[in-house]
Amino acid sequence: MNKQISNDIREWDEYWLNSQEKKRLYEIIAEFYRRFILKRILNYFIRTSFKKNSNLLHAGCGSGRVDEGVLSMMSVTALDISHKALKIYKKINKNNAKILEGSVLEIPSTDSQFNGVYNFGVLEHFTFAEINTILAEFKRILKPSGKLLIFWPPRFGLSVIVLKATHIFLNSVLRMDIKLHPDEPNLIKSKKQAISIIIKAGFEVKKYYFGTRDLFTHVVIKAENKE
């Protein structure tokens, strides 16, 4: 295991532990958002992108609170680097998904295994070099013509603006020294940038969406594995 992956494990285990102990108000708000907004847009794009019972990888699944509807439609393997996150995922979703512990940088899966890969708010936490590695891994594990569905927050997204303001208030005004989530060094800057990254990784972009379905929170990119 390389040093970067080891650091990621520590950071994300700490995040999921702290989310249960130190950030209860934030988690209440986040839970409302997941349940009534994010789940709806995820279900829509999953339903319109894949055939029923397709074999999908949720790459960077976290606690899996958004997956309830997906699990009723698809066969899902839930991948995350954090053991603590996967324990929460299994508690919430029971045995309705396969659990896979590992990094998106080195996915413990055979080639051409999945009909699709999806994730919510994952790529922004990595450097561009790491993003290229992650997309190469997605391409490797996807079947020919398999689809990629990415929800990637932009710099100008509503949740990014709100969280920045919240961090300033909590830490600068109330001096609470709270970090609500790991760093996000690569939020999307523009449509051109996002599409260029996906195309260079060997995918064909089929749809680019940013709009009201999730209150302007994520850019949604649907792409297909080119052979």
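The values are calculated or read from the model by the stated rules, or taken from the named source; none is laboratory data. Nothing here was measured: the structure is a model prediction, and the numbers come from that model. As a convention, Cβ positions derive from the backbone with ideal geometry for all residues, glycine included, and neighbour counts pool all protein chains shown. Just so you know, the surface numbers come from the protein's heavy atoms only, side chains and all, with ligands and any DNA or RNA stripped out. Shrake-Rupley method; radii C 1.70, N 1.55, O 1.52, S 1.80 Å.
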**OP:** Mind jotting down the distance between the C-alpha centroids of the range 189-227 and the range 107-158, whole Å?
**Re:** 11
Original post:
Going 7 Å from the Cα of Asp183 in the Cα-to-Cβ direction, what parts of the range 100-127 have a backbone nitrogen less than 16 Å from that spot?
Top reply: 123-127
Original post:
Whole-Hz Karplus ³J(HN,Hα) for the range 48-53, in order, using 6.51 cos²θ - 1.76 cosθ + 1.60 and θ = phi - 60°, x for Gly and Pro?
Top reply: 8, 10, 10, 6, 4, 6
Original post:
Hey, if we sort Ile99, Ile141, Ile88 by accessible area with the 1.4 Å probe, largest down, what's the order?
Top reply: Ile99, Ile88, Ile141
Original post:
Given a 1.4 Å probe, how much area per residue of the range 31-161 is accessible, in Å²?
Top reply: 42
**OP:** Would you mind getting me the FRET efficiency between Ser190 and Ala129? Use the beta-carbon distance for r and R0 = 22 Å, nearest 0.05.
**Re:** 0.65
Original post:
Going down the list Lys51/Lys98; Lys51/Lys226; Lys52/Lys91; Lys200/Lys226, which pairs span over 21 Å between their C-alpha atoms?
Top reply: Lys52/Lys91
